[in-house]
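Take a look at the structure below.
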Amino acid sequence: MAAIKCPHCGKYISSNLTHCTECGKPITEEGLTPTNEIQQQPRKPKWWHLSARRIVVLCFLTPFILAAIYLVVDDVQKANALEQRAYERLSHTTDLLVYEDFILRFPDSKYIDSVKVRYEQMKVEQAVYFKEAASGGVAELKAFIEAHPSSPFRVVCERRIDSLDWETATADNTLEAYQLYLAQHPQGIFLNDATDARNRQQRLVVTAEETGILRSTVDNFLSAMSQLDATGIDALTHGAIDFCGMPEATGADVVDYYQRNFKRDDVLGVHFQLGGTSINKRNVSGSDALNYNLYSTAQATINRSSLDSAMVVNYKVSASFTPERRITSLNISQIQDVTE
């Protein structure tokens, strides 16, 4: 059987037909294109023959399948991340319960063997720590660190040492104590507190210049008192002062006290000389300003008309000053008499 090409529509039909099966028009001898064989149409792939229903179902299910795969992968990744965090936590803890929890939760972990070994070591180190170091002092804690340098209890010991050194510094409450703590623990737990305390103590340090000024002020006060100079005394004080038990004493009150207690009978004159002196500062309440306190000894050389030689009497002198170094209180009390 031969095939011919319809001259009207161009489709291939059997040569035995009188009309085209495609367009229905009659077939004439003119314009026919005979062929020896029917030309084969291109073969369609197998998926082409799937029904439309199957294609729709497949398209509908694909997102769910992909989502399920994603969730499974995500769960695995989360489980691995959780295991990793739990393992990393072990290096920062001394709690055996944390090790036991890891062993129970991750029995198939790639770290399980090393964790079990470390767990047994931890039990031994914990026993040693509580027996030898936990209730001991700095020396015992340092000895434990030296014997177990890689132990998680090392951190516990270091924190304990830090706390003990801070307790020592605060008990001493001196500039040197706080400086020592900061040198020993530059990143210590109490770094900020220690820095503030050191700065406060540095402000309380009395300089040689301040010592000289305060001693000179007291010397001038005693000299003005010996010379009965009430105006000179008022120039050195912060208004009326607390003087030898007299509140609100003026320069005139100080001179009167001197005449009644020192320059009596046959006393010709008294000369005061300050001895060893200590000075400290203290904060003014509600202010950053600092007041001064002076403590000193003084020798009073007393010349009397009835004696050929002067008499020396030792006194204790204490005085307080404003931040501007003006006297607010001064007290003189006798220690002993020495006659020369």
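In debye, nearest 20, what is the charge dipole magnitude of the stretch 238-280 about its Cα centre with +1 on Lys and Arg Cβ and -1 on Asp and Glu Cβ, if you could check? Don't skip to the answer; put the middle values down first.
Details: 3 positive and 6 negative charges, 26 e Å.
Charge dipole, the stretch 238-280, about its Cα centre: 120 debye, nearest 20.
Put +1 on the Cβ of every Lys and Arg and -1 on every Asp and Glu Cβ in the chain; which of V115, Q84, T62 then has its Cα farthest towards the positive end of the dipole?
Of V115, Q84, T62, it is T62.
With a Förster radius of 45 Å, plug the Cβ-Cβ distance of N331 and V138 into 1/(1 + (r/R0)^6) and report the FRET value to the nearest 0.05. Walk me through the numbers before you get to the answer.
Values: r = 44 Å, r/R0 = 0.97.
About 0.55, to the nearest 0.05.
What do you get for Rg/Rh over the chain if you use C-alpha atoms and the Kirkwood form of Rh? Intermediate values should be presented prior to the final figure.
Working: Rg = 52.5 Å, Rh = 31.6 Å.
Radius of gyration relative to Kirkwood radius: 1.66.
Cα atoms only: what Rg and Dmax, in Å, come out for the stretch 53-132?
Using the Cα atoms of the stretch 53-132, the pair Rg, Dmax is 21.3, 79 Å.
Given charges of +1 on the Cβ of Lys and Arg and -1 on the Cβ of Asp and Glu, with all other atoms neutral, how large is the dipole of the stretch 208-339 about its Cα centre, in debye to the nearest 20?
Details: 10 positive and 15 negative charges, 49 e Å.
In debye, rounded to 20, the stretch 208-339 gives about 240.
Starting from the Cα coordinates of the stretch 68-181, work out the convex hull volume and express it per residue in Å³. Please list the in-between numbers first.
On the way: hull volume 15.2 nm³, N = 114.
Expressed per residue, the convex hull around the Cα atoms of the stretch 68-181 is 133 Å³.
For the stretch 208-339, with the dipole built from +1 on Lys and Arg beta-carbon atoms and -1 on Asp and Glu ones, taken about the Cα centre, which of F321, T250, S226 lies farthest toward the positive end?
The one lying farthest along the dipole's positive direction is F321.
Specify which residue in the list G239, A289, L307 is farthest towards the positive end of the charge dipole of the stretch 208-339, using unit charges on the beta carbon of Lys, Arg (+1) and Asp, Glu (-1), about the Cα centre.
Among G239, A289, L307, the one farthest towards the positive end of the dipole of the stretch 208-339 is A289.
Decide, for the stretch 232-313, between rounded, prolate and oblate: order the square roots of the alpha carbon gyration tensor eigenvalues as a ≥ b ≥ c, take rounded if a/c falls under 1.5, and otherwise choose prolate if a/b is larger than b/c, else oblate. Working shown, then result.
Working: a/c = 3.68, a/b = 1.79, b/c = 2.05.
Here the stretch 232-313 falls in the oblate category.
Evaluated at 10 °C with a viscosity of 1.306 mPa s, what Stokes-Einstein diffusion coefficient in µm²/s does the stretch 265-316 have when Rh comes from the Kirkwood expression over alpha-carbon pairs? Intermediate results must be reported in sequence, preceding the final value.
Working: Rh = 13.5 Å.
The Stokes-Einstein estimate is 118 µm²/s.
For each cysteine in the chain, check whether another cysteine's C-beta sits under 4.7 Å from its C-beta; list those where none does.
C59, C157, C244
When only Cα pairs under 8 Å and 6 or more residues apart are kept, what is the percent relative contact order across the stretch 129-187?
Once normalised by length, the contact order is 24 percent.
When the convex hull of the C-alpha atoms of the stretch 162-310 is computed, what volume per residue in Å³ does it have? Could the numbers behind the result be given before it?
On the way: hull volume 22.2 nm³, N = 149.
Spread over its residues, the Cα hull of the stretch 162-310 gives 149 Å³ apiece.
With a 10 Å radius around each residue's Cβ, average the other Cβ atoms per peptide and rank 151-157, 54-60, highest first. Can you show the working numbers first?
Values: 151-157: 18.6, 54-60: 10.4.
In decreasing order of mean packing, 151-157, 54-60 become 151-157, 54-60.
Might you report the magnitude of the Cβ-based charge dipole of the stretch 151-200 about its Cα centre, with Lys and Arg at +1 and Asp and Glu at -1, to the nearest 20 debye?
So the magnitude is around 160 debye.
Determine, from the Cβ-Cβ distance of H238 and E176 and an R0 of 35 Å, the FRET efficiency 1/(1 + (r/R0)^6), rounded to the nearest 0.05.
Result of the calculation: an efficiency of 0.60.
Which whole-number value in Å³ per residue fits the convex hull of the alpha carbons of the stretch 126-204? If you can, show how the numbers build up before the last one.
Values: hull volume 6.3 nm³, N = 79.
Taking the convex hull of the Cα positions in the stretch 126-204, it is 80 Å³ per residue.
Under a point spin-label approximation (7 Å from Cα along Cα-to-Cβ), what is the F60-T94 distance to one decimal in nm?
6.4
Every read-out reported here was derived from the displayed coordinates using simple, explicitly stated rules and does not represent laboratory data. This is a predicted model, so every value here is computed, not measured. No Cβ is skipped: glycine too gets one built from the backbone with ideal geometry, and neighbour counts run over all protein chains shown.
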